[in-house]
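Coordinate-derived values only; no laboratory data. Computed from a predicted structure; not experimentally measured.
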Amino acid sequence: MGEIKEPRVPTLRAVDHVAYTVPDLDAAVAFFVDHFGAELIYRDGPFRDEDGEGMRRRLDVDPKAQCTIAMIRIGKHHNVELFEYEAPERNTRLPRNSDVGGHHLAFYVDDIDAGYDYVRSIPGVVVQEGPNGVDPQAPVAGQRWFYFKSPWGMQLELTTCATDGFYQGLPAAAQARPAATWR
């Protein structure tokens, strides 16, 4: 463990982006831009396939679906693609973290208490219990964190580590620290 292995996919260099489906693209973009300093890189669509099966073949969605997308950049390197779909019989219930497909997007902060107070002030956000700490003997000793939900229910997290213990306790391959500055 800790040994960095060569990628198996030829010419693989990095994670390019993560993507989330949201119920209202404008509201989601505004949420990340206004509260997390995201930058809107581009917006495109709507896309649909008038000929039939292209949406199913390419995206595994209903053939009659249409989508609009936005790419935002959070910090220096993290691209997040947001999709808004219109589709027959689409499921609008977000999975819980314990459900298959459950997820969350985590942000590193230097001051978890200030972050907690700020997130609690955002209209429509539901903040879970926190900030929480971890066992001092855990590999992530010194970490504090809390989860919250966006106004549309997406799971998010703020996390910090008061000491470098968060990284020192992890295998060398996992010791990628957050950037010193946001941009």
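By DSSP, what percent of the beta bridges with both residues in the chain are antiparallel, rounded to the nearest 5?
On the way: 27 of 35 bridges.
Bridges in the chain that DSSP calls antiparallel: roughly 75 percent.
If I fit a long axis through the Cα atoms of helix 112-121 and take the longest principal axis of the Cα atoms of the chain, what angle between them do I get, 0 to 90°, rounded to 10?
The angle comes out near 40 degrees.
Among the aspartates and glutamates, which fall within straight-line cross-link reach of residue 64, defined as a Cα-Cα distance under 13 Å, with same-chain neighbours fewer than 8 residues apart omitted?
Result set, ordered by chain and number: 49, 50, 51, 53, 86, 89.
Name the residue, out of 12, 94, 25, whose mean-square fluctuation peaks in a Gaussian network model built on the chain with Cα pairs under 10 Å.
12
With a cut-off of 8 Å between alpha carbons and a minimum separation of six or more residues, what is the relative contact order of the chain in percent? Before the final figure, lay out each step's value.
Values: 303 pairs, mean separation 32.7, N = 183.
About 18 percent, as a whole number.
Based solely on its DSSP helices, what 222 nm [θ] is calculated for the chain when runs of n ≥ 4 H residues each add -39,500 (n - 2.57) and the sum is averaged over all residues, nearest 500 deg cm²/dmol? Display every interim value, and only then the final one.
Details: 4 runs with 32 residues, N = 183.
The helix-only estimate for the chain comes to -4500 deg cm²/dmol at 222 nm.
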